[in-house]
Amino acid sequence: MTLMGKIIKKENLKRLFDDVSREFKVIAPVKKGEDYVLSEVESFSDVVLDYPTTILPPKKFLLPYKEPIFAFDAEGFKDLIPDEKIAFFGLHLCDANAIGRLDLVFWNDPYYRARRDRMLIIGISCKPTETCFCKSMKANSLTNACDLFLLAKDDKYIGFSMTEKGRKIVSQLYFEPETVNVEEVKIEYEEKLSLNLYKVERKILEDYNNPVWDETAKKCLACTNCTVVCPLCYCFDVVDETFIFPGEGLRFRCWDSCLLLSFARVAGGHNFRRDLKARYRNVYTHKFKTYIDEFGVPSCVGCGRCIIFCPANIDMREVLFKLGGV
Amino acid sequence: MENIYKPFKSKILKVVDQTYDTKVFRLEVKNFKYMPGQFVELSIPGVGEAPISITSSPHEEGYIDLCVRRVGNVTNALHRMKAGDHVWIRGPYGVGFPFETIKGKDIVYVAGGIGMAPLRSSLNYVLHNKKDFGKITLLYGARTPADLLYKDEFDRWANECNFLVTVDSEKLPDGRSSGWKGNIGVVTTLFAKLNYSIKDSIGIVCGPPAMYKFVIQEFRKAGMPDSSIYLSLERHMKCGVGKCQHCQINNRYVCIDGPVFNYADIKNLPESI
C-alpha cells in the first residue's frame, strides 16, 4: 500500500504544536534529570523530539495509575467518565502500537474509550537503542493508532495522515502542498537478538517447565518495575475509599501486577501462583500466549523498558531467546 | 456507551443463617436471566466488590440467592446486613453448567464445603426438570457437621436423588463431639458406597482447590471419560469481563471461559487445578 506524505519543515513544527495545544492538553516527551518522560507541556520549546525511550509509557494517561471510576453514596454509583482531550505529540512507533493493542482490550471500557475517542496521536520516528526489539514484536511499522506520523527526513519531516483527524492537520498551510509517496513506513535496524515470536508462542505452554523459568525467577525481585513501565501491562485492582461519612466515597481502578504475591489469591487464603516462578512465567504466558490467542499479536511492543528498569538485570529478550530460540 | 462495571441496586429480601460462618442472602432482581454456575459481582459501597456464585435455581423468579461464607472484607460486611438493606450487583457473568448437553444423562454431583453453593443451583434446576434427566447422585462433604449447608433441603434431596453426605471430622469447630452418626471421611470415600456404575454419567464438581484431583481420580477409576467431567473453578474475578487478569489461568479466563470448564479442555492447562 502506497502512503502519501506531506512535508513539514522543522521550523513549522511549532505552528503545528500551537494549533494542537489550542484544542488539546498536549502530552510530549520532555527531559527530566538524565531521563525523558511523557508529560503535559505548554510550550513547544519544552518538547524534545529526538529522545530515547521515556520512563513511563503512554498508558499512564490512558489508564491512570489510580483512577476514580465511580462516586458512590446511599443512592448508588455515579459514573465518572473523563472528558479530557489529550494529544500525544511525538510518540515512538512502539508506544503508538501499544495504544493500538490496548484498544483491542479496552474498546468497550467506558473510561478508556472516552479518552481515546477525544484523543489525537502524533507519532514521530525514532533512533532505536540497544534495548529496542520492536521488530521482533511486529511493532516497528506505522499503525493507524497514529492520527498523524512524522517521519524525520534530513532537516524536514514527512507527515503521514492515518485518520480523518490527521488529514485535517496535513491540509494546514504549514505542510507543503506537494506529496511524497512511500511504500511503507517502518523502523529498520539490527536487533541485538532477533526473536522468533511464532516459536515462542508455541513453546510457552508446551515447554512449561523449561529451566529458564527457574533461572530467571531466582534473579527476579518481584519488584514489579517491569510491569509498571510496560506499555501493555494493564492488570488492575478495584478499591473503594470512603469520605468522612461511611457509604460515601469513590471507587478507584488501580494498577496491579501479576508479579505480586496477592495477585492470584482467593478468599480463604489459597494462592494459585504462590511461587515467584509461576508469577514470573505468568507475565510471559499472558504476553506471548494468552494475548496472541485473543488478539493475534503479543502484548509486548519491544520498547525495552522492562530491560532498562530491571534492577536485577533480567533481559526479557534473553528469556524469550532461551525459550524459543531464533 | 454502557458502563460495563456499573452495578445496579438490589434489595435484600431475606437472610437465612446456614452455619456459624455462612448465610444465604435473597436479593430482589427483575428480568434477570442466568444459568446455574454463573456468578455476580456484589458491591457494598465503601467496602468493595467481590464475585459470588448464584445458589438459587433459574426456575425461581424475582430473586437470586447468594450463599456467602464470611471470609473477606465484602463478605464480612454483607454478613452484618439484614433484610431491607441494599446491595449493588452486576452480572450474571461467565459460562455455567451445560444444561442442554447433559440432558438425558445420569449426573453425579460432588460438592465440597462452600462448593455446594454453585452446585445447588444446578442440582435444584436439574431436579426441577427431573423428567429430562436420568439418575441423579449428590455426594457432599464438609469439614464438620456444623459446616453442612442446606440441611433443610437434605430430606428433599434424599427423596429426589441418591444423596450421600460425609464430614471430615465429627467434632464441632470448638472441639466438642457433635454426636454425628453419619459418614466420616473426605468426600471421595463416598464413591465406594455407590452400588451402581457411573461410567456413563456426567460428573460435576465444585469444592476447595485441593479436592479436584482426588475426585477426578475417582471418576477415572469408575471409567468416566474426561470429557464427561465438569469443574467449577474458583478465582478472584475482580472485573468479571476478562480485563483485570486476576482470574487468568494461562490462556483461559475463569470469568469468561468459566467458571465451569469441561475437564478434557483444561486437563493440560497448567495451574488450573
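The loop-placed trypsin sites (Lys or Arg not before Pro) in segment B:167-263, going by DSSP, that have at most 15 neighbouring Cβ atoms within 10 Å of their Cβ come out as B:176, B:181, B:199. D by Stokes-Einstein for segment A:205-326, Kirkwood Rh over Cα pairs, 20 °C, 1.002 mPa s: 134 µm²/s.
For segment A:197-322, the fraction of 1.4 Å probe accessible surface lying on carbon and sulfur atoms is 55 percent. Annotation: peptides B:49-59, B:156-166, A:141-151, ranked by per-residue average of other Cβ atoms within 10 Å with the highest first, follow the order B:49-59, A:141-151, B:156-166.
For the residues of B:225-235, the average number of beta carbons from a partner chain within 10 Å of their own beta carbon is 1. The percentage of C-alpha pairs in segment A:193-255 whose separation is greater than 19 Å is 63%.
Once all protein chains are placed together, residue B:197 keeps about 80 Å² accessible to a 1.4 angstrom probe. Averaging over all projection directions, find the projected area of the Cα convex hull of segment A:139-296 and quote it in nm² with one decimal place. Across all orientations, segment A:139-296 yields a mean hull projection of 16.6 nm². According to the calculation over all Cα-Cα pairs in segment A:125-185, the P(r) per 5 Å bin from zero is 4, 15, 24, 24, 18, 8, 6, 1 %. Taking a Cβ cut-off of under 15 Å around residue A:7, the surrounding Lys, Arg, Asp and Glu residues balance to a net charge of +1, with basic ones at +1 and acidic ones at -1.
Solvent-accessible surface of segment A:197-322, averaged per residue with a 1.4 angstrom probe and all protein chains in place: 42 square angstrom. Under 5 Å between amide hydrogens, built in the peptide plane, is the criterion, and for residue B:85 it picks out B:12 among residues at least 5 positions away or on other chains. Rounded to the nearest Hz, the phi-derived 3J(HN,Hα) couplings of segment B:21-38 under the Karplus curve 6.51 cos²θ - 1.76 cosθ + 1.60 (θ = phi - 60°) are 10, 9, 10, 10, 10, 9, 10, 6, 9, 10, 6, 9, 9, 8, 10, x, x, 7, where x marks glycine and proline.
For the chain pair A and B, the interface hides roughly 3400 square angstrom of accessible area in total, found with a 1.4 Å probe. Proximity of backbone amide H atoms, modeled 1.01 Å from N, is registered between residue B:166 and B:140, B:141, B:142 at under 5 Å, excluding neighbours fewer than 5 places apart on the same chain.
Ranked from largest, the principal axis spans of the Cα set of segment B:12-165 equal 47, 36, 22 Å.
Applying the Karplus relation 6.51 cos²θ - 1.76 cosθ + 1.60 with θ = phi - 60° to segment A:238-255 yields 3J(HN,Hα) values of 10, 10, 9, 10, 9, 7, 4, 8, x, x, 10, x, 10, 9, 10, 9, 10, 4 Hz, where x marks Gly and Pro. Counting only other chain Cβ atoms within 10 Å of each residue's Cβ, the peptide B:236-246 averages 6.
Taking all protein chains together and rolling a 1.4 Å probe, residue B:253 ends up with roughly 10 Å² accessible. Put simply, the amide H of residue B:203, placed in the peptide plane, has neighbours under 5 Å in B:108, B:229, B:230, leaving out anything fewer than 5 places away on its chain. Rg and Dmax over the alpha-carbon atoms of chain B stand at 18.1, 59 Å.
Every pair of different Cα atoms in chain A enters the Kirkwood calculation, which places the hydrodynamic radius at 21.2 Å.
Dividing the convex hull volume of the alpha carbon atoms of segment A:25-160 by its residue count gives 133 Å³ per residue.
The local environment of residue A:249, defined by Cβ-Cβ distances under 12 Å, has a net charge of -2 under the rule Lys, Arg +1 and Asp, Glu -1. Note on residue B:135: accessible area approximately 90 square angstrom, rounded to 10, probe 1.4 Å, nucleic acids and ligands left out. Residue-wise HN-Hα couplings along segment B:116-128, as the Karplus relation 6.51 cos²θ - 1.76 cosθ + 1.60 with θ = phi - 60° gives them from phi, are 4, 4, x, 5, 4, 4, 5, 4, 5, 5, 5, 5, 5 Hz; Gly and Pro carry x. Convex hull volume of the C-alpha atoms in the protein assembly as shown, normalised per residue: 180 Å³.
Over segment B:120-165, the Kirkwood radius and the radius of gyration, each from Cα atoms, give a ratio Rg/Rh of 0.98.
Kindly identify segment A:109-157 as rounded, prolate or oblate by the Cα gyration tensor criterion: order the square roots of the eigenvalues as a ≥ b ≥ c, call it rounded if a/c is under 1.5, otherwise compare a/b with b/c, prolate if a/b is larger, else oblate. Oblate shape, in that a/c is at least 1.5 and b/c is the bigger or equal ratio. Kindly report the accessible area of chain B per residue (heavy atoms of protein chains, probe 1.4 Å, no ligands, DNA or RNA), in Å². Normalised by residue count, the accessible surface of chain B is 40 Å².
From helices alone, the protein assembly as shown scores -6000 deg cm²/dmol at 222 nm; the rule is -39500 (n - 2.57) for each run of n ≥ 4 DSSP H residues, then divide by the residue total. With a ≥ b ≥ c the root eigenvalues of the C-alpha gyration tensor of segment B:178-273, is it rounded (a/c under 1.5), prolate (a/b larger than b/c) or oblate? It comes out oblate by the Cα gyration axes. Shape verdict for segment A:236-298, please, from the Cα gyration tensor: rounded (a/c under 1.5), prolate (a/b greater than b/c) or oblate. Oblate, because a/c is 1.5 or more while a/b does not exceed b/c.
With a 10 Å cut-off around each Cβ of B:34-47, the average count of Cβ atoms from other chains is 3.
To put it simply, the accessible area of segment B:1-90 at a 1.4 Å probe is 46 percent carbon and sulfur. Roughly how many Å is it from the Cα centre of segment B:184-207 to that of segment A:222-237, as a whole number? Cα centroid to Cα centroid, the span is 44 Å.
The values are calculated or read from the model by the stated rules, or taken from the named source; none is laboratory data. Note that the coordinates shown come from a computational prediction; the quantities given were computed from them, not determined experimentally. Cβ: placed from backbone, ideal geometry, glycine included. Neighbour counts: every protein chain shown. Just the protein is used for accessible areas: all its heavy atoms, side chains included, with ligands, DNA and RNA removed. Shrake-Rupley method; radii C 1.70, N 1.55, O 1.52, S 1.80 Å.
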